[in-house]
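Before any comments, here is the structure.
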C-alpha cells in the first residue's frame, strides 16, 4: 500500500520535515527517509527523538551521513548509546580535536551527568542523559588528558580558568561514575568548591 508521507517526503517544507522528526511514533522507514534528506535541522530533531530506532541511530552515526563528531556526540548525549559504551570510547579516541574546538559539547556529552542538583539542565525526561553512562575509566582518561593540574599549567592564566574552572571540576566529582581515583584527583585541583564535592565523594566511596 502506498504511503503518502513516504511518497511525498522530498516535497515537504522544512517545517513539515521537522514535525515528522519530532514525532516519537514515526515508523522506521520514515526515519530512514528523513536521514537521506540532507537537512541538518531535521537530523538534529530526529536525534533528540526518544523513538529513534537502532537502525536509524546507526545510520546517523555513520560517516556516510556525518563524518565529524557533532552527530556522534549528540546521539550519545541523548542516550541512544547508553547500552553501548564502545561508542563513547570511539568518539573520545577518534576526535581529540573536539576538546579544543567544542569543549562545551564534549563536556555535555561525557561529563555533565543528570543529577538532582542540576535538574534544570535536563528538562526532557523522555530520554536518559547519555553522560550518566560514561565509564569511570573514560572519565579518568578525559580528566587526565584535558583537565588535570599538569594540563592546566601548560596554559596561560586565562586558559587555566577556561579549562580548569570550578564548575567543570565539580562536574567530574559529582558524576555518578566518579571513582575513588578520580575523586582524589579533583580533591587537589585548587578549587575550594570542587574540592569540597570531591572530598564528599571520597567519603562515600571509602
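Below is a table of values for the structure above.
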| quantity | calculated |
| --- | --- |
| Residue count, the range 168-198 (criterion: part of a helix (DSSP H, G or I) and either touching a helix residue (DSSP H, G or I) at 6+ places or on another chain (Cβ under 8 Å) or modelled with pLDDT under 95 (or both)) | 20 |
| Filter pass, residue 8 being in contact with a helix residue (DSSP H, G or I) (Cβ under 9 Å, 6 or more places away or on another chain), farther than 30 Å from residue 166 by Cβ and at pLDDT 95 or above | no |
| Residue ID - farthest from residue 49 (Cα to Cα), chosen from residues in the range 108-129 that are in a helix (DSSP H, G or I) and modelled with pLDDT of 95 or more | 110 |
| Residues that are touching a helix residue (DSSP H, G or I) at 6+ places or on another chain (Cβ under 7 Å) and in a helix (DSSP H, G or I), drawn from the range 82-107 | 87, 88, 89, 91, 92, 98, 99, 105, 106, 107 |
| Top-ranked residue of the range 41-50 - restricted to ones that are closer than 24 Å to residue 7 by Cα and under 18 Å from the mean Cα position of the chain (by Cα), ranked as surrounded by the fewest Cβ atoms within 10 Å (Cβ to Cβ) | 41 |
| Failed criterion for residue 50 (all others in (1) under 21 Å from residue 70 (Cβ atoms); (2) modelled with pLDDT of 95 or more; (3) assigned to a loop (DSSP other than H, G, I, E, B) hold) | (2) |
| The listed residue being at positive phi and either loosely packed, with under 15 Cβ neighbours inside 10 Å or in contact with a helix residue (DSSP H, G or I) (Cβ under 9 Å, 6 or more places away or on another chain) (or both), out of 79, 68 | 79 |
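The values are calculated or read from the model by the stated rules, or taken from the named source; none is laboratory data. Computed from a prediction, not measured in an experiment: that's the story for all the values here. Cβ: placed from backbone, ideal geometry, glycine included. Neighbour counts: every protein chain shown.
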